[in-house]
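Have a look at this one.
The values are calculated or read from the model by the stated rules, or taken from the named source; none is laboratory data. None of the values given here were measured: they were computed from a predicted structure. Here the Cβ positions follow ideal geometry from the backbone for every residue, glycine too, while neighbour counts run over all protein chains shown. Areas reflect the complete protein model, heavy atoms only, side chains present, ligands, DNA and RNA absent. Shrake-Rupley method; radii C 1.70, N 1.55, O 1.52, S 1.80 Å.
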Amino acid sequence: MFVMEKVLFPFSAVVDEDDLKMALILNAIDQRIGGVLIMGPKGVAKSTIARSLTDLLPDIDVVKDCPFKCDPHDPSSMCDECIKKYRDGTIVSEKRKIPFVNMPVTATLDRVVGSLDIKRAIDEGLRALQPGLLAEANRGIIYIDEVNLLDDSVVDSILDSAASGINVVEREGVSVTHPARFILIGTMNPEEGDLRPQLKDRFGLSVTAVQPSDPEELIEISNRVEEFDRDPEAFRRKYEKIQNEIRNRIMRARSLLPSVVIDEDLKRFIAEVVIKLQAGNRAMITAVKASKAIAAFNGRDRVNIDDVKEALNLVLKHRVKDSAMIRGTIEKESRDLSTRSVEAGPHSGYEEGSESSGRRDMKAGNGKDEEKDVEVSAAFDEESNRSGRTGNADIFRILDQNRPGDHFDYRASLVNMIMNGRRRMKYEDLAFVSSRSRASIPVILAVDASRSMETMHRIALARGIARSFLHSAYRMRVKLSYITFYGTESHLMVEPTRNLDLIDREISRTVPQGKTPIPAALKMMYDISSRYRQRTVSIMITDGRANVPLGNDVTHDVREWSAKLGTRSDLFLISSTMGSERFMPSYNEDICRYSGGQLIEMDGNGHIALYSGYRRY
């Protein structure tokens with residue numbers, strides 16, 4: 001009988017969801033990683049992309065008529081019956097598609113692990129195993145929608161098998177052990193109940209999926225689904241080349257994986273992060289495996305710092321609640337590693353050319369060994385609407401680094417200067433970092449328009465800084481939102497737009513009035529950031545003297561909303577206090593500490609001097 005094969009939506013045709021795709025690919029390369037936990041709402045293509053993974057994986061050789069689909073070439077992973085056939089030389093193999101098992105929430109323990117075969121017990125008087133879903137999924141994929149609603153004992157059994165690669169059945173006098181190696185994909189909506197931490201920890205990687213916030217992205221999703229529905233086979237052929245490329249990369253990575261090595265300093269880096277975040281032993285083990293898989297997928301036999309950072313972000317998200325703390329700890333330890341790498345020389349874990357390494361490429365000079373003083377300063381002049389210094393000194397250069405090319409890495413340059421025993425920076429101390437082209441980052445600009453900003457013309461300075469940024473924003477084609485906060489609430493003056501003239505007009509109309517509702521501003525910045533899948537950049541200009549709570553306590557609200565903002569956005573807080581005012585009470589340090597943001601302070605002349613006042617929390 002002819003059975004029509006269902007055409008799956010191609011893996012590469014799913015719009016965005018890059019983190020989820022990578023997490024699934026890493027598990028396809030190395031199943032020992034332990035699966036993927038996908039957190040997020042319904043309707044974000046979780047099951048579509050999970051099913052489409054099977055189309056990327058090649059057909060497998062199985063022992064004919066084996067209920068566990070044993071590998072005929074690997075006796076170490078065979079069931080007892082197949083081992084007997086292997087020894088007798090009677091094994092017959094056949095090709096099959098990778099199995100995909102959709103685990104229902106109502107699944108019972110008997111259905112999952114297997115139970116007594118009642119039919120054979122009645123007909124033949126034999127105690128035989130009725131294989132369960134774990135047997136069906138061997139060498140394939142198990143997909144569990146709403147894993148947080150599944151019975152804990154069932155989840156425990158599935159995770160035990162995923163970790164060990166075998167399923168032990170002790171039921172009604174039946175004692176059977178069979179292979180159960182599979183890629184585990186679980187989804188959950190945290191609003192409907194959480195998983196116990198012990199169960200969460202058993203998942204190797206985790207990804208947060210969010211609804212699209214860009215109309216263009218939604219339109220593209222709709223167009224692709226319509227095209228697929230009209231002619232699935234033609235749509236599949238359209239993406240066949242990309243599918244083959246990914247499939248070949250996975251197969252090459254599997255072959256390369258056993259020879260991939262990770263340096264001891266990178267292992268120490270992972271260990272330091274895991275210990276400081278109290279993430280547990282399994283996080284360390286999984287991070288090393290994931291780092292190697294990332295390196296193998298990129299065709300390298302040595303792990304670099306970028307592989308480790310990417311792996312840690314996937315490994316820690318469900319083990320540590322505070323995302324800002326994860327980012328801050330990884331960043332701090334990577335800076336420490338960078339310092340150790342400068343001391344250790346060129347054969348350390350930082351690879352030349354990686355984004356995080358601070359690549360020391362020398363720029364073409366005039367051949368003279370002349371000493372250059374590098375002033376990192378941005379003195380803003382409101383009347384001229386431009387900064388006192390531009391180029392590498394631009395405090396918003398993090399956005400400019402989204403464009404391809406080499407950019408000044410001031411941290412690595414300072415490390416070089418110190419390690420070379422100098423108090424002034426020379427040309428040979430300069431370090432540059434290579435960046436790849438990425439999508440434009442959404443930016444939120446928030447200006448404190450409270451009465452306290454009237455002192456020492458701070459509101460004029462704030463307007464000057466904001467206007468100066470518009471020039472950089474225009475050059476980099478970013479989408480910008482403009483917020484002011486005063487009185488008892490925050491005000492969204494301009495929705496996200498590339499029409500910077502509109503924002504410039506609103507900036508010129510900003511006048512100081514009322515109290516300082518910083519918690520309201522942080523909440524609005526968080527709400528806007530939550531519209532986007534990608535992280536945003538938030539720039540807040542304030543004196544930090546919050547005096548209007550959202551609830552009952554200003555300090556609690558500032559810390560709470562700073563931490564939330566840190567999960568969605570990279571914050572740059574420009575303190576408008578100058579001179580002796582810095583020693584007056586302010587929430588600026590609390591905001592940066594809880595958001596993982598960066599504090600930039602003015603000097604006595606109203607200039608922003610990064611070398612004297614730039615701190616990352």
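For residue 70, state whether it is more than 21 Å from residue 159 (Cα to Cα) and touching a helix residue (DSSP H, G or I) at 6+ places or on another chain (Cβ under 9 Å). Don't jump to the end; show me each part of the working.
Numbers: more than 21 Å from residue 159 (Cα to Cα): no; touching a helix residue (DSSP H, G or I) at 6+ places or on another chain (Cβ under 9 Å): yes.
Here the answer is no, as residue 70 does not meet what is asked.
Shifting gears a bit: For the stretch 474-519, enumerate the residues that are at positive phi and at pLDDT below 80.
477
Output the qualifying pairs, or none if there are none: Cβ atoms under 8 angstrom, residues six or more apart or on different chains, first residue in the stretch 7-25 and on the phi > 0 side of the Ramachandran plot, second residue buried (at least 20 other Cβ atoms within 10 Å of the Cβ) and among the acidic types (Asp, Glu).
Sorted first by the residue in the stretch 7-25, then by its partner, the list stays empty.
Here's another thing I want to ask about it. Among 216, 226, which is the only one that is over 23 Å from the mean Cα position of the chain (by Cα) and either open to solvent by 70 Å² or more (accessible area, probe 1.4 Å) or modelled with pLDDT of 85 or more (or both)? Explain how you work it out, then say what you get.
Details: 216 fails: over 23 Å from the mean Cα position of the chain (by Cα).
Residue meeting the stated conditions: 226.
Sort through 288, 273, 261 and tell me the only one that's closer than 15 Å to residue 306 by Cα and in contact with a strand residue (DSSP E or B) (Cβ under 6 Å, 6 or more places away or on another chain).
Details: 288 fails: in contact with a strand residue (DSSP E or B) (Cβ under 6 Å, 6 or more places away or on another chain); 273 fails: in contact with a strand residue (DSSP E or B) (Cβ under 6 Å, 6 or more places away or on another chain).
Criteria check complete, one pass: 261.
Has the stretch 168-175 got at least one residue that is closer than 23 Å to residue 57 by Cα, touching a helix residue (DSSP H, G or I) at 6+ places or on another chain (Cβ under 6 Å) and not in a loop (DSSP other than H, G, I, E, B)? Reasoning before the result, please.
Initial filter on the stretch 168-175 (closer than 23 Å to residue 57 by Cα): none.
Within the stretch 168-175, none of the residues are closer than 23 Å to residue 57 by Cα, touching a helix residue (DSSP H, G or I) at 6+ places or on another chain (Cβ under 6 Å) and not in a loop (DSSP other than H, G, I, E, B).
Would you call residue 22 modelled with pLDDT under 90 and in the same structural domain as residue 168 (by the TED database)? Give the derivation first.
Working: modelled with pLDDT under 90: no; in the same structural domain as residue 168 (by the TED database): yes.
So residue 22 fails the test.
Residue-wise test of (1) outside any strand (DSSP E or B); (2) modelled with pLDDT of 80 or more; (3) under 17 Å from residue 520 (Cα atoms); (4) more than 28 Å from the chain's Cα centre (by Cα).
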{"position": "434", "(1), (2), (3), (4)": "no, no, no, no"}
{"position": "446", "(1), (2), (3), (4)": "no, yes, yes, no"}
{"position": "456", "(1), (2), (3), (4)": "yes, no, no, yes"}
{"position": "472", "(1), (2), (3), (4)": "yes, no, no, no"}
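What is the residue count in the stretch 551-566 for residues that are open to solvent by 10 Å² or more (accessible area, probe 1.4 Å), in contact with an Asp or Glu (Cβ under 9 Å, 6 or more places away or on another chain) and modelled with pLDDT of 90 or more?
Count: 3.
Follow-up question, since we're still on this one. Please enumerate the residues belonging to the stretch 480-514 that are touching a helix residue (DSSP H, G or I) at 6+ places or on another chain (Cβ under 8 Å), open to solvent by less than 40 Å² (accessible area, probe 1.4 Å) and in a helix (DSSP H, G or I).
500, 503, 507 - these are the residues of the stretch 480-514 that are touching a helix residue (DSSP H, G or I) at 6+ places or on another chain (Cβ under 8 Å), open to solvent by less than 40 Å² (accessible area, probe 1.4 Å) and in a helix (DSSP H, G or I).
With the requirement that a residue be part of a helix (DSSP H, G or I), touching a residue at least 60 places away in the same chain (Cβ under 8 Å) and in the same structural domain as residue 185 (by the TED database), what does the stretch 198-242 give you?
Within the stretch 198-242, 200 is the sole residue that qualifies.
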